[in-house]
Each structure stands twice: as C-alpha cells, then as structure tokens.
Amino acid sequence: MPDEVLDCRGQRCPLPVIAAARRMPEVPVGTVVRVLADDPAAAVDIPAWCRMRGQEFVAAITGPDGPAYDIRRAH
Amino acid sequence: MSASPVYLDAATAAPLHPVARQALLAALDDGWADPGKLYTQARRARQLLDAAREATAQTLGVRADELSFTPSGTAAAHGAVLGGLAARHRVGSRLVHSAIEHSAVLHAAERHVAAGGTANAVPVDRLGRLDLTAWSDAVRAPGVALAALITASHEVGTVQPVAEAAAACADAGVPLYVDAAQSVGRVPLPAGWSVLSASAHKWGGPPGVGVLAVRKGTRWESPWPADEREGGRTPGAVNLPAVVAAAASLRAAAADAAAQESRLAPLVDRIRARVAVEVPDVEVVGDPVHRLPHLVTFSCLYVDGEALLHALDRRGFAVSSGSSCTSSTLRPSHVLEAMGVLSHGNVRVSLHRETTEADVERFLAELPGIVAGLRAEAGVVGL
Ligand SMILES: Cc1ncc(COP(=O)(O)O)c(C=O)c1O
C-alpha cells in the first residue's frame with residue numbers, strides 16, 4: 001500500500017509528473033507515493049521521470065480510481 | 001521582432017526540390033491527358049509516365065513492372081499490408097510488425113484485426129531498435145502471412161536491422177514489407193525485402209505521390225476494387241504531373257544523397273550533443289550511431305509539447321512533436337511509448353538540402369532560452 005496519494009486525475013501531462021517531482025523531495029526516503037493520473041502519457045512519463053531522477057518506479061496499477069503509479073523515494 | 005523562418009520538419013514534408021518544381025510545371029502542360037488512351041496527347045502522357053516509372057525503379061533497384069505510383073505514402077502502406085495479407089490468407093492471418101511502425105501501417109493492421117485477423121507488435125529497446133530475438137520468434141510462429149518493418153524510425157531516426165530481420169523472415173518463408181519513407185532518397189536501401197513503400201514529399205517531391213514496389217514472385221493481391229492501372233496494384237488515375245515531378249526529384253535527391261548525408265549527419269550530431277549539454281533536464285532519444293542523417297528527437301522534462309511548438313514557431317522554427325497534447329487523439333506517440341522514453345516536451349527536428357549550418361546554430365542558440373522561459377512560466381525551475 002502507498003503511504004500517500006497524489007490525485008492528478010483530469011490533469012494533462014506534464015502536470016502529473018510535475019506534481020510528483022514537487023512532492024517527492026518533501027517525503028522521507030522510502031516513502032511510496034501513489035500518483036493517480038488518467039492522462040495516457042503518464043504511463044510513459046512517470047516511469048521515465050523516475051529513471052531520469054534515480055527514483056524507484058514501483059508499479060503501474062489500475063484500481064477503482066483508474067490508472068495509478070507508485071513511486072518510492074530512493075534518495 | 002519577427003524572426004526569419006527556419007523550416008526543420010523535412011520528415012513530414014521536405015521543401016519542394018527545384019527539379020520537382022521544374023518538372024511539375026512542364027508536365028502540367030504536357031502530361032494532363034490520360035496515359036491509357038490511343039491518341040497523340042495520351043501517347044505523350046504515356047511516355048512521361050513510363051519514363052517516370054523507369055527512373056524511379058532504377059533508383060530503387062527494382063524492375064519498372066514491379067513499381068506502382070499511389071496517391072500517397074499512406075495509400076502505399078495500406079496496400080502493402082492489406083495486399084500482402086490477402087494473398088497469403090490460406091497460410092494464415094497473422095501480421096507481425098514492429099511496435100514503431102508509422103500509423104499508416106498500424107491503421108491497416110487495425111483493419112485486419114477488425115476483420116478477424118491477428119497482429120503481433122514486436123517491441124523495441126530504449127534506443128528504438130527492433131528486438132531481433134522477439135522478431136525471429138514472432139515470424140517463425142505458425143500462420144504468419146506477412147511481416148512489416150519500417151527501415152528507420154520517422155520519429156526518432158533509429159535505423160532498423162532490416163537485413164537481419166529479413167534473414168529471419170526468409171528462414172520462416174514469410175514475405176517482408178518495408179516502409180522506407182524516411183530512407184528513400186537519403187540513404188541506401190537495405191536488401192531482403194519483398195514489398196516496399198515510400199512517399200515523394202519526404203524526398204523533395206510533391207505531396208500526394210507514393211510508391212509501392214512488389215518484387216516478382218511475391219504473393220501479393222490488390223485489396224482494392226479492381227482497376228487495371230498501375231499494374232492493378234492501386235486504383236484510379238495517377239496524378240501524372242506530380243508523378244513526373246516525384247521521379248525527377250528522386251533522381252536528383254539520390255544523386256546528391258551521399259553529399260547531403262555527409263553534410264547533415266554532423267549537424268544532427270551537433271544538435272544531439274549541444275542540446276544534451278545546453279538544455280537542462282533533456283532526454284535526447286534514438287540510437288546515437290545507427291541513425292538517419294537528417295532527423296533528431298529530444299524531450300524536455302516538465303515542458304508542455306504544444307507550448308514548446310508554439311514558442312518555437314513564434315521564433316520562426318517549424319518542428320514536429322510526438323507529445324500527446326500535439327496529437328488529435330491526445331495520446332503520446334506510440335513510438336516514444338514503445339521505447340519507454342519521456343513523451344512530454346518532445347521535439348523532432350528534421351533537416352533537408354536547404355538547411356544551413358547557420359539555421360542549426362540559430363536554433364541551438366535560441367532553444368535553451370525558449371525552454372527556460374517556458375519552465376519559468378510553469379514554475380518548474382529547480383524541480
Ligand atoms: C515512415 C512513414 N511512412 C508513411 C508515411 C505516410 O506518407 P504520406 O504522408 O505520403 O501519406 C510517412 C509520412 O508521414 C512516414 O514518415
């Protein structure tokens with residue numbers, strides 16, 4: 001389970017990525033943040049952001065709230 | 001302040017080659033009659049069409065009777081896919097294609113699947129290069145009627161391992177169709193294919209002319225209603241003046257291709273290197289070595305692709321983008337998606353024979369400021 005949820009539904013890329021980039025430095029290392037994002041580009045761009053920033057992309061899931069992406073703060 | 005225009009979208013449409021313009025104007029006077037009829041004007045039109053076919057076939061290394069002129073590169077791709085599948089429906093109904101084909105090929109595949117066929121998209125790596133092991137396994141599976149592979153990516157420029165992919169097809173007895181739209185007139189064609197398509201406005205010919213080549217001995221059957229013109233491969237009267245212009249410009253482009261390649265490839269390398277260094281948080285995508293000489297793609301983190309295109313346009317730069325906000329479907333480019341690279345803030349720059357070093361320098365000089373301005377506006381600096 002994620003430690004917290006960022007609701008970016010209805011936002012177009014790059015906004016969900018920006019929201020994640022703003023939030024991650026504020027949470028403790030090891031925290032898993034779930035980004036809810038229904039823009040199809042998020043499926044590509046959130047993992048790509050994790051790779052570029054050295055954060056851990058945990059998984060893409062589709063739950064009751066639609067597509068979601070779990071990121072763990074790695075450093 | 002208005003900036004002088006710098007056109008950097010040759011991969012969509014190259015500026016009309018002067019030879020094409022000349023040939024087009026001459027053929028408008030001389031080539032309006034129906035080449036199929038039996039009078040003087042028709043014979044003149046027939047001569048023009050035959051000469052255009054002969055010249056184009058020679059450049060592509062095929063026989064004239066293997067070549068048809070189609071109404072576009074898209075129409076040629078549709079015909080190549082659907083005709084290749086139709087001719088081998090007794091063998092099976094499976095189409096194998098790379099995940100990074102042009103939408104023309106993917107849309108033909110969708111049509112095939114809607115009609116009860118199957119399609120198998122073979123993945124690419126992070127650089128946009130075909131996974132050859134997966135490809136070989138896919139074409140060896142039972143019931144494969146046709147395999148389709150783009151010669152080089154129109155979105156990121158990565159040249160595909162066509163010879164190896166063709167060898168796997170030959171082993172499996174599966175015909176290979178190549179979409180050579182970004183290669184013809186620029187780089188030598190790979191060997192081993194059975195069906196090929198291309199598009200004249202990519203090499204400096206007019207829009208609205210495609211070519212479809214079907215090698216002798218290849219099983220291919222027109223998917224269209226019957227029409228005897230163009231070898232029975234594509235229906236309708238050809239746009240003869242445009243075809244004449246396409247053929248003349250292809251000959252000119254092919255003759256000049258090596259020189260253009262040695263001039264443009266270093267400019268592309270310069271863009272790749274300088275953008276990576278001078279624009280913070282940018283991902284330059286595509287294979288750094290095995291690539292087309294005229295095309296380069298990069299994505300800028302936290303930047304909206306549409307805003308970037310507009311900002312570049314205001315400074316006179318015409319470029320293309322694979323970002324979702326710039327597409328009518330609001331989906332990111334399937335090519336960037338298949339590669340797993342950043343899709344927002346995406347820019348494709350493609351050069352042509354009129355592109356100068358000064359154009360590229362001006363682009364490189366202005367780009368970092370434009371990206372920085374957009375990031376400042378969006379409040380994402382330092383993220
Ligand atoms: C690789 C590729 N195939 C096919 C096409 C379609 O060609 P046309 O624009 O002539 O329909 C294009 C052009 O967009 C292309 O780049």
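For region B:186-217, enumerate the residues that are within 12 Å of B:THR151 (Cβ to Cβ) and either of a type in the set (Phe, Trp, Tyr) or surrounded by 24 or more Cβ atoms within 10 Å (Cβ to Cβ) (or both). Reasoning before the result, please.
From region B:186-217, those within 12 Å of B:THR151 (Cβ to Cβ) are B:186-193, B:196-198, B:202; that's our starting set.
Matches in region B:186-217: B:ARG186, B:TRP193, B:LEU196, B:SER197, B:ALA198, B:LYS202.
In this structure, does B:ASP171 turn out to be more than 14 Å from every other protein chain (Cβ to nearest Cβ) and either farther than 28 Å from B:PRO332 by Cα or within 11 Å of the ligand (Cβ to nearest atom) (or both)? Give the derivation first.
Values: more than 14 Å from every other protein chain (Cβ to nearest Cβ): yes; either farther than 28 Å from B:PRO332 by Cα or within 11 Å of the ligand (Cβ to nearest atom) (or both): yes.
Yes, satisfied.
If you check B:GLU306, B:GLU366, B:GLU354, B:GLU361, which single one turns out to be surrounded by fewer than 22 Cβ atoms within 10 Å (Cβ to Cβ), out of contact with any Gly (no Cβ under 8 Å at 6 or more places or on another chain) and within 14 Å of chain A (Cβ to nearest Cβ)? Don't jump to the end; show me each part of the working.
Working: B:GLU366 fails: within 14 Å of chain A (Cβ to nearest Cβ); B:GLU354 fails: within 14 Å of chain A (Cβ to nearest Cβ); B:GLU361 fails: within 14 Å of chain A (Cβ to nearest Cβ).
Exactly one residue qualifies, and that residue is B:GLU306.
Of the numbered conditions (1) within 16 Å of the ligand (Cβ to nearest atom); (2) surrounded by fewer than 24 Cβ atoms within 10 Å (Cβ to Cβ); (3) under 28 Å from B:ASP34 (Cβ atoms), B:SER222 satisfies every one except a single condition; which is it?
Of everything listed in (1) within 16 Å of the ligand (Cβ to nearest atom); (2) surrounded by fewer than 24 Cβ atoms within 10 Å (Cβ to Cβ); (3) under 28 Å from B:ASP34 (Cβ atoms), B:SER222 misses just condition (1).
Quick check on region A:24-34: of everything there that is out of contact with any Asp or Glu (no Cβ under 8 Å at 6 or more places or on another chain) and not in a loop (DSSP other than H, G, I, E, B), which residue is surrounded by the most Cβ atoms within 10 Å (Cβ to Cβ)? Quick ask: steps written out before the conclusion?
Within region A:24-34, the subset out of contact with any Asp or Glu (no Cβ under 8 Å at 6 or more places or on another chain) is A:24-26, A:28-30.
Cutting the leftovers down to not in a loop (DSSP other than H, G, I, E, B) gives us A:24-26.
Values: A:MET24: 22, A:PRO25: 9, A:GLU26: 9.
Filtering region A:24-34 for residues that are out of contact with any Asp or Glu (no Cβ under 8 Å at 6 or more places or on another chain) and not in a loop (DSSP other than H, G, I, E, B), the one surrounded by the most Cβ atoms within 10 Å (Cβ to Cβ) comes out as A:MET24.
Is it the case, given these coordinates, that B:SER324 is hydroxyl-bearing (Ser, Thr, Tyr), crowded, with 16+ Cβ neighbours inside 10 Å, touching a Cys at 6+ places or on another chain (Cβ under 7 Å) and within 14 Å of chain A (Cβ to nearest Cβ)? Explain how you work it out, then say what you get.
Numbers: hydroxyl-bearing (Ser, Thr, Tyr): yes; crowded, with 16+ Cβ neighbours inside 10 Å: yes; touching a Cys at 6+ places or on another chain (Cβ under 7 Å): yes; within 14 Å of chain A (Cβ to nearest Cβ): yes.
So B:SER324 fits the description; yes.
Out of all the residues in region B:36-48, is one or more closer than 30 Å to B:ALA191 by Cβ and either surrounded by fewer than 16 Cβ atoms within 10 Å (Cβ to Cβ) or among the hydroxyl-bearing types (Ser, Thr, Tyr) (or both)?
Within region B:36-48, not a single residue is closer than 30 Å to B:ALA191 by Cβ and either surrounded by fewer than 16 Cβ atoms within 10 Å (Cβ to Cβ) or among the hydroxyl-bearing types (Ser, Thr, Tyr) (or both).
Please find, among B:PRO266, B:PRO280, the residue that is of a type outside the set (S, T, N, Q) and more than 14 Å from chain A (Cβ to nearest Cβ).
Details: B:PRO280 fails: more than 14 Å from chain A (Cβ to nearest Cβ).
From the options B:PRO266, B:PRO280, the qualifying one is B:PRO266.
Tell me whether region B:5-22 contains one or more residues that are over 22 Å from the mean Cα position of the chain (by Cα), away from the ligand (no atom under 16 Å from the Cβ), more than 14 Å from chain A (Cβ to nearest Cβ) and in a helix (DSSP H, G or I).
Of the residues in region B:5-22, the ones over 22 Å from the mean Cα position of the chain (by Cα) are B:5, B:22.
Subsequent filtering for residues that are away from the ligand (no atom under 16 Å from the Cβ) retains B:5, B:22.
Filter once more, so that each one left must be more than 14 Å from chain A (Cβ to nearest Cβ): B:5, B:22.
Add one more test, that the residue is in a helix (DSSP H, G or I), and what stays is B:22.
Yes, some residue in region B:5-22 is over 22 Å from the mean Cα position of the chain (by Cα), away from the ligand (no atom under 16 Å from the Cβ), more than 14 Å from chain A (Cβ to nearest Cβ) and in a helix (DSSP H, G or I).
Throughout, read-outs are computed from the coordinates displayed, never taken from laboratory work. Worth saying up front: this structure is predicted, and the values here are computed from it rather than measured. Here Cβ is always computed from backbone atoms with ideal geometry, including for glycine, and neighbour counts include all displayed protein chains.
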